[in-house]
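Participant: Structure in structure tokens, see below.
The values are calculated or read from the model by the stated rules, or taken from the named source; none is laboratory data. The shown structure was predicted, so the numbers you read here are calculated from the model rather than taken from an experiment. So basically every Cβ, Gly included, is an ideal-geometry build from the backbone, and we count neighbours across all protein chains shown.
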Amino acid sequence: MPRTIDGIAELKTLVGLEVAVSDWFRMTQERIDRFAQLTEDDQWIHIDTERAAKESPYGTTIAHGFLTLSMLSEFSRKSVVIEGNFSRRINYEQGPLSRAGSGGREDSRTLHARRRRGRRRRRPSGVELPR
């Protein structure tokens with residue numbers, strides 16, 4: 001269930017605080033393979049399950065770093081709802097990133113996001129809420 005934030009006024013009170021934690025996301029080999037095909041990044045550690053089982057330090061294939069990064073939009077959408085009179089929600093900046101050392105192993109519940117509210121900046125046509 002996503003956290004609901006009541007507009008800009010409530011957002012102002014959350015600077016520096018953890019706002020939401022997403023649910024766990026299951027990364028599948030099918031998704032990794034589709035991403036590899038789309039980006040033409042077909043390194044064996046991502047797509048060759050037999051070789052990865054023998055040679056990878058993880059004992060299996062791992063998700064591409066950019067694939068896990070691209071999931072941040074989905075994690076945010078499912079974990080935070082900001083109510084108010086807004087015409088759109090644009091992912092402009094994600095801020096500093098960190099991850100655990102699991103390598104985004106295929107079929108493991110290793111991916112989720114923690115969202116911390118950063119500073120805000122007034123924009124001529126709205127409010128920019130980085131990080």
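Participant: Out of Ala20, Ala9, report the one residue that is modelled with pLDDT under 90, aliphatic (A, V, I, L, M) and in contact with a Pro (Cβ under 9 Å, 6 or more places away or on another chain).
Facilitator: Going through Ala20, Ala9 in turn, just one is modelled with pLDDT under 90, aliphatic (A, V, I, L, M) and in contact with a Pro (Cβ under 9 Å, 6 or more places away or on another chain): Ala20.
Participant: Now a separate question. Residues in region 46-62: is at least one closer than 14 Å to Ala113 by Cβ and crowded, with 17+ Cβ neighbours inside 10 Å?
Facilitator: Looking for residues that are closer than 14 Å to Ala113 by Cβ and crowded, with 17+ Cβ neighbours inside 10 Å, one finds none in region 46-62, hence no.
Participant: Conditions: (1) in contact with a strand residue (DSSP E or B) (Cβ under 8 Å, 6 or more places away or on another chain); (2) at pLDDT 95 or above. Lys54 meets all but one. Number of the miss?
Facilitator: (1)
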